[in-house]
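The next block holds one structure in the form of C-alpha cells; read it before the comments.
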Amino acid sequence: MRLKELESSLQDLSGFDEPKITLEQYCTTPHLAARMLYTAHSVYDDIESKVVADFGCGCGILSIASNLLESEFNMALDIDLSALKIAQKNCSNYEVEVDFVLADIKSDSLYQWKNKVDTIVMNPPFGTKTDKGIDMIFLKKALEIATTSVYSLHKSSTREHIKKKAKEWNVDCEIIAEMKFDVPMMYKFHKKKSVDIEVDFFRFSKKESRN
Amino acid sequence: MRLVTHNMLQCHVRGCNVNNYPLQLSEVEIEIQETEFNSQFLRSMIRKLEWSALINSAREIGITTLPEVLPDDFDEDFLRNIHRVLLETHIQQGKMTCPNCNHVYLVRDGIPNMLLNESET
Ligand SMILES: C[S@@+](CC[C@H](N)C(=O)[O-])C[C@H]1O[C@@H](n2cnc3c(N)ncnc32)[C@H](O)[C@@H]1O
Ligand SMILES: [Zn+2]
C-alpha cells in the first residue's frame, strides 16, 4: 500500500464522541498517522508481520494504520472505555483485528508484556499542569516492553530532555520529522479553541536489537 | 480478547506480587472468528508465550488439545491447532481471578478491564 492510499483510507474513522479534556483525547490526523506508520514500515520494517502495541489508542487510528500495513498481531490499550468502544467499532468497520485492554499506563506494570511485543506506536498525552510528565511515563514503559522500537510524538520544547533520558535509558533515538500539530486547548482559561504546537516524531530503538 | 493477550495479563493490586499470574478464567463466553494462517509468525510467537500458563488458561475455557510440554518441532497439525487457539478464539465475556489475592477482573464485550480503584493500586 502506498502512503497516499493509506492516508485516504484512514479518513473514514470515527473520532471521540465526547473527548475528555483531562485525558487529552484528540485524534492524530490521517495525514500524520499515515506518515508515522508508513515510515515505520517502509524505512525500518517495524510493522509487517510484527506484534504491534498502541498505548493510549483512543479511537484506534494508529492500530488501524498498522493493520493496513500488515502487522500480524495488534494490541491497544487505553484508560477510557468509551474510547475503546469507538476503536472497536472502527476496527470492525475496517475489518481489522485488534485486542483491546482497558488499563492505566501509570499504574499497571504490564510486566508480562515484556519481550512479547516488537513495536510500540503512540501519541501519548503531553501532560497538563496537573499531570506533568505523563508522556515520559508512557515512553519509559514502552521502552521497557518493546523488543525493537518505539515510535512516539513529543513536544519539541522537551526535545533536549527526551534525548537526555534516552541516553540515560540506553536507547538510541532519532527525530524522524518535525511537525506542527493542531492540539485542542487543554486549559480552560485559554480563549482559543486550539493551538498549533511543535511536535517531534521520534523513533527510539533498543541497542541490543542492532546486529 | 484472545489468549495471546490473556497470556500478558497479570494482577497488579498493590502488594500482590507473587503467584499473581495467569489470571484464572471462568464464566467465559467464546466466539470463533477465522483469520489468516501464518506459520512463520506462529513459530516465533509460541516461543515468546508462557506455555504452562497458556495450557492452563486454554483448559479453563474448555480447550484440552494442547500438549503439556511444548514440542521441539512444530508440524502443520500442531500449528493449525495453535492458530485456532491463539488467534481465532475470542473471549467475549468472562471473569479473570487472581490466583493469589482473588481480585476479579472482568471481560466485557471482548475488552478485559485491568483498571483498579485508587485504594487498590
Ligand atoms: C492524544 S490522545 C491519542 C489518541 C490516539 N492514539 C490517536 O493517535 O488518535 C491520548 C490518548 O491517551 C489516553 N490516555 C490518557 N491517559 C492515559 C493513561 N494513564 N493510560 C492509558 N491511556 C491514557 C487518552 O484516553 C487518549 O485516548
Ligand atoms: Zn492479585
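Tabulated results
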item: Residues of the range A:8-52 that turn out to be farther than 15 Å from residue A:71 by Cβ and acidic (Asp, Glu), as a count; result: 4
item: From the options A:146, A:76, A:142, A:103, residue that is within 16 Å of ligand 2 (Cβ to nearest atom) and either buried (at least 20 other Cβ atoms within 10 Å of the Cβ) or within 30 Å of residue A:196 (Cα to Cα) (or both); result: A:103
item: Out of B:87, B:115, sole residue that is part of a loop (DSSP other than H, G, I, E, B), facing chain A (nearest Cβ under 10 Å) and at pLDDT 95 or above; result: B:115
item: Any hit, the range B:27-45, residues being assigned to a loop (DSSP other than H, G, I, E, B), away from chain A (no Cβ under 13 Å) and at positive phi; result: no
item: Matching residues, the range B:88-120, being away from ligand 2 (no atom under 12 Å from the Cβ), charged (D, E, K, R) and touching a residue at least 40 places away in the same chain (Cβ under 8 Å); result: B:88, B:95
item: Conditions (1) in contact with a Leu (Cβ under 8 Å, 6 or more places away or on another chain); (2) assigned to a loop (DSSP other than H, G, I, E, B); number of the one not met by residue B:72; result: (1)
item: Flag for residue B:113 being away from ligand 1 (no atom under 16 Å from the Cβ) and surrounded by 14 or more Cβ atoms within 10 Å (Cβ to Cβ); result: no
item: Pick from the range A:49-73, criterion more than 18 Å from residue A:16 (Cβ to Cβ) and free of Cβ contacts under 8 Å to residues at least 60 places away in the same chain, ranking: surrounded by the most Cβ atoms within 10 Å (Cβ to Cβ); result: A:66
item: Residue in the range B:68-76 that is more than 10 Å from chain A (Cβ to nearest Cβ) and either under 21 Å from residue A:98 (Cα atoms) or surrounded by 15 or more Cβ atoms within 10 Å (Cβ to Cβ) (or both) present; result: yes
item: Segments classed as strands (runs of 3 or more DSSP E), wholly inside the range A:66-161, with at least 3 members that are within 13 Å of another protein chain (Cβ to nearest Cβ) and farther than 23 Å from residue A:32 by Cβ; result: A:99-102
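Listed here are the residues, each with its yes/no results for (1) within 16 Å of ligand 1 (Cβ to nearest atom); (2) of a type in the set (Gly, Ala, Ser); (3) at pLDDT 95 or above; (4) closer than 28 Å to residue B:120 by Cα.
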residue	(1), (2), (3), (4)
B:3	no, no, yes, yes
B:7	no, no, yes, yes
B:12	yes, no, yes, yes
B:20	no, no, yes, yes
B:24	no, no, yes, yes
B:31	no, no, yes, no
B:38	no, no, no, no
B:44	no, yes, no, no
B:55	no, no, yes, no
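Table: residues versus (1) more than 8 Å from ligand 1 (Cβ to nearest atom); (2) not β-branched (Val, Ile, Thr).
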| residue | (1), (2) |
| --- | --- |
| A:11 | yes, yes |
| A:14 | yes, yes |
| A:42 | yes, yes |
| A:62 | no, yes |
| A:83 | no, yes |
| A:86 | yes, no |
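The values are calculated or read from the model by the stated rules, or taken from the named source; none is laboratory data. Nothing here was measured: the structure is a model prediction, and the numbers come from that model. Every residue, glycine among them, receives a Cβ derived from its backbone with ideal geometry; neighbour counts consider all protein chains shown.
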